[in-house]
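Coordinate-derived values only; no laboratory data. Since the model is a prediction, treat every value here as computed from it, not as a measurement. All Cβ positions, even for glycine, are placed from backbone atoms using ideal geometry, and neighbour counts span all protein chains on display.
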Amino acid sequence: MPQTAFPTKRQVVGGSSSRAFMKRSVPQSYGSQKNRPCSKFGKPHHGVCRVKTGSCFRCGKTGHYVKDCPMGTTEGQKALAASFQPKRPTQARVYSLTLENVATEGNNVNVVTGTIPLYGKLACVLFDSGATHSFISSTYLKLCNLSTRSLERNISVSTPIGSAVTCRKCVENCPILVGGRTLPAKLAVFGMLGFDIILGMDWLAKYGAKIDCQKKEIVFHTSGNEKFRFCGSSVRATPPLLSAV
């Protein structure tokens, strides 16, 4: 029976195919790292040198060292995990969405209605101390072709009928003109009918406004000790616009 000839050690190690394989198996990054040593320590490493930037070796942020890194504690790990979780919506409420709601409540609520110029049109406005936030109707938004931005945190609005509506967009720095003064407002976009604008406690408190239901007026007392009034008026419900639906 013929004997099988096995290659010698020299043939296995010294062969051209084995040398080619060894050359291919060496990562190219090794050579590139050796060509770019760290200017601080003279040795190659991945990424930016954190000693030069003064950043933490664990989280990469500045202002502390790895021994004081908050991400190394249980509280820090919980905070990091919470940062990736969706934010819960802010809770809000409105008691009046239509003229019928205002008429039904009568003198039981602190509200004043009126009309103000806004973006070249007349807006039907409800000043309501029972509303936690301020809103603009989606119909009026489209009518004026206004741009919006996303809210940092969604607003879940409880309505008079017991349902909840989520607001995700807002219009910032709306020029609300009352008493000859411009008082900017941040208005969440809300699909309401009957009113174009609802100005709630966030806006009323910002400008020191108090509602006098008997006189149907609002008294403003700003931070600059300026005092002025806005007299309310009867308004008609804004019909829904087919072009804006």
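Between D202 and K121, the distance separating the two model label sites (each 7 Å from Cα on the Cα→Cβ line) works out to 2.2 nm. Checking the Cα-Cα distances for K169/K215; K61/K142; K142/K227; K186/K227 against a 32 Å cut-off, the pairs over it are K169/K215; K61/K142; K142/K227. Counting 0.36 nm for each residue step from K210 to T148 and taking away their Cα separation leaves a gain of 19.4 nm. Each peptide in 224-233, 59-68 gets a packing score, the mean of other Cβ atoms within 10 Å over its residues, and the list from highest to lowest is 224-233, 59-68. Taking 0.36 nm per residue of separation and subtracting the Cα-Cα distance, full extension of the segment from S163 to V219 would add 16.9 nm. With R₀ fixed at 45 Å, the C-beta to C-beta distance from K227 to T62 puts the FRET efficiency at about 0.40.
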